[in-house]
Amino acid sequence: MLAVAAGSPALIGPAALGALAAALLVTTAAVAIHKPLARVPENTLKFAVGVLI
C-alpha cells in the first residue's frame with residue numbers, strides 16, 4: 001500500500017497509518033490466540049493450514 005501511495009505525497013500519511021493499524025491488529029490477534037493455539041497438536045495445525053491452502 002505504501003508503494004502505491006508513494007506516487008502521491010498526499011497519500012503517504014494515510015497509507016502509513018493504515019499499515020501501522022494493520023500491523024497492530026495482527027500483533028494483537030497473535031498475542032490473543034497464542035495460548036489456545038499452543039494447546040493444539042502441531043500436526044493438527046499443519047493439516048488445517050494445508051486444507052485451507
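Just to be sure I understand the curve: with the Debye formula and one point per C-alpha of the chain, what is log10 I(q)/I(0) at q = 0.16, 0.26, 0.27 Å⁻¹?
Those come out to -0.66, -0.93, -0.96, one per q.
Tell me the per residue accessible area of the chain using a 1.4 Å probe; a whole number in Å² is fine.
86
On a 0 to 90 degree scale, rounded to 10, what angle separates helix 42-52 from the longest Cα axis of the chain?
Rounded to the nearest ten degrees, it is 50.
Round to the nearest 10 and give me the degree value, 0 to 90, for the angle of helix 9-38's Cα axis relative to the longest principal axis of the chain.
The helix 9-38 is inclined about 10 degrees to the chain.
How many nm separate the modelled label positions at SER8 and PHE47, each set 7 Å beyond the Cα in the direction of the Cβ?
4.9
Using a 1.4 Å probe on the protein heavy atoms, what percent of the accessible area of the chain belongs to carbon and sulfur?
77
The values are calculated or read from the model by the stated rules, or taken from the named source; none is laboratory data. A quick note: this is a predicted structure, and the numbers were derived from the prediction, not measured. Backbone-built Cβ (ideal geometry, glycine too); neighbour counts: all protein chains shown. Note: accessible area is taken over every heavy atom of the protein model, side chains too, but ligands, DNA and RNA are not part of it. Shrake-Rupley method; radii C 1.70, N 1.55, O 1.52, S 1.80 Å.
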